[in-house]
Amino acid sequence: MHAVVLHVFGPAENLRYETVPDPVPGPGEVRVSVRAAGVHQIETAMREGLAIGPPLPELPAIFGGEVAGVVESVGPGVDEALVGTEVVTGHGRPGGYAELAVADVSSLHRIPSGLSHEAAVTMVVTGTTAVFLLDVAALTSGDVVLVTSAAGGIGRLVVQHARNVGATVVGAAGGPAKTAAVAELGADIAVDYNLPDWPDTVRKALDGRGVTAVVDGVEGDKGRAAFGLLAEGGRYITIGAASREDFLPTEKELKERGVSFTDALALLLERQDRSAEEARALAAAADGSLVPAFQTFPLSQAAAAHAALESRATTGKVVLVPDAHM
Ligand SMILES: NC(=O)c1ccc[n+]([C@@H]2O[C@H](COP(=O)([O-])OP(=O)(O)OC[C@H]3O[C@@H](n4cnc5c(N)ncnc54)[C@H](OP(=O)(O)O)[C@@H]3O)[C@@H](O)[C@H]2O)c1
């Protein structure tokens, strides 16, 4: 089969499209003919050899644990009737950047009817994270919520949900194209936070109303500036540091400002079983309450997909599609 292999940690071009042996499903596993594989932000750091998330794999390695496709064969002890089923998993054995991938049968969800492979793979981890984050944020119609990276995979789902519950939504994203995408999603205020005076733009647009919740996934300077816009009683909830610079306010700061800080990523990582949120995320996409956005790249162009993600050139989830299925 074809797969994308990393032999040496380093830049995106180190991801090589090669022919490798087919993976063999073990007991309790299935082999999926991949139609869509999710690319995760953290994989760009892992590819560089930065151990800021999961442990680094031994090389050579095939990245990718998020896979949607068709069960092509089963391992020992698995019901043959599963062959031909459309499935999605967020916990594939690493090896999703490939034409065939192996996953534990217990990790599979059937793809709800009407949902594309790309949409399903977008929802199974990114959507699940968004659902978890939204549970933590508990947004209501009374909230004025500021969402960072609002055109991103998680960000755009947060914007949609915030709109659905009737909150006032401020979506912040980098550059005019992403800001336009955030406005199209229905954010009340869409702001380009690459412009230095963006916090003032938000203050003016809110015309005296304070931000009650910040839902952040960028941290660094942008997270700090977003935090600075919170009104007394407001809450700051973070799901990660896409900027690769942590933002951690001090206890003193929180007390003086009368605001709260919640690390939703830490809470998520404590959760071993996310199957309920996975099912809810897939159902929300199937019933249209959350519309996932994704940008596809041919599997053979995985290096370009990583480069685009790193240079902040993508909107929505980055998904690899095996070349034969593009
Ligand atoms: N997807 C998941 O399942 C998941 C799970 C756990 C945690 N997280 C975390 O949640 C956050 C959002 O994840 P996502 O998957 O939805 O990603 P994403 O928002 O689709 O992509 C990351 C975005 O972060 C922004 N960004 C700001 N500074 C950046 C920098 N220096 N380098 C790269 N990007 C930068 C960019 O948007 P702008 O150009 O608009 O700034 C970029 O498009 C990340 O911190 C991620 O680690 C994600």
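Values in this text are rule-based calculations from the coordinates and carry no lab data. Predicted, not measured: the structure shown is a model, and the values here were computed from it. Glycine also receives a Cβ, built like all others from the backbone with ideal geometry; neighbour counts cover every protein chain displayed.
Along Cα→Cβ, 7 Å out, is where each label goes; now give me the distance between the ones at Thr201 and Ala307 in nm to one decimal. Going by the 7 Å Cα→Cβ label model, 2.9 nm. Normalising by residue count, the chain has a Cα convex hull of 125 Å³ per residue. Legend: calculated FRET efficiency, Ser300 to Asp221, from the Cβ-Cβ distance at R0 = 41 Å, rounded to 0.05, equals 0.70.
Here the simple spin-label model places points 7 Å from the Cα toward Cβ, and for Thr250 and Arg16 these points are separated by 5.1 nm. Between Arg209 and Leu82, the contour length at 0.36 nm per residue exceeds the alpha carbon distance by 40.3 nm. Using Cβ point charges alone (K and R +1, D and E -1), the dipole size of the chain about the Cα centre works out to roughly 600 debye.
Here r is the Cβ-Cβ distance between Val291 and Phe9 and R0 is 25 Å; the resulting FRET efficiency, rounded to 0.05, is 0.10.
Dipole magnitude of the range 172-326 about its Cα centre, charges +1 at Lys/Arg Cβ and -1 at Asp/Glu Cβ only, in debye to the nearest 20?
Details: 16 positive and 23 negative charges, 24 e Å.
Result for the range 172-326 is approximately 120 debye, rounded to the nearest 20.
Going by how many other Cβ atoms sit within 10 Å of their own, how do Thr250, Thr212, Thr126, Thr238 line up, fewest first?
Least crowded to most crowded, the residues run Thr250, Thr212, Thr238, Thr126.
Taking other Cβ atoms within 10 Å as a rough exposure proxy, Val39, Val67 sort from fewest to most as Val39, Val67.
Approximating the spin labels as points 7 Å out from Cα along Cα→Cβ, the Asn194-to-Asp323 distance works out to 3.2 nm. Fewest neighbouring Cβ atoms within 10 Å first, the residues Leu282, Leu115 line up as Leu115, Leu282. In the calculated pair-distance distribution of the range 200-326, the portion above 17 angstrom amounts to 71 percent of the Cα-Cα pairs. I need the shape label for the range 68-116. Rule: rounded when a/c is under 1.5, else prolate if a/b > b/c, else oblate, with a, b, c from the alpha carbon gyration tensor. Because a/c hits 1.5 or more and a/b fails to exceed b/c, the range 68-116 counts as oblate. For the range 1-134, the Cβ-based charge dipole about the Cα centre amounts to some 200 debye (Lys, Arg positive; Asp, Glu negative; other atoms uncharged).
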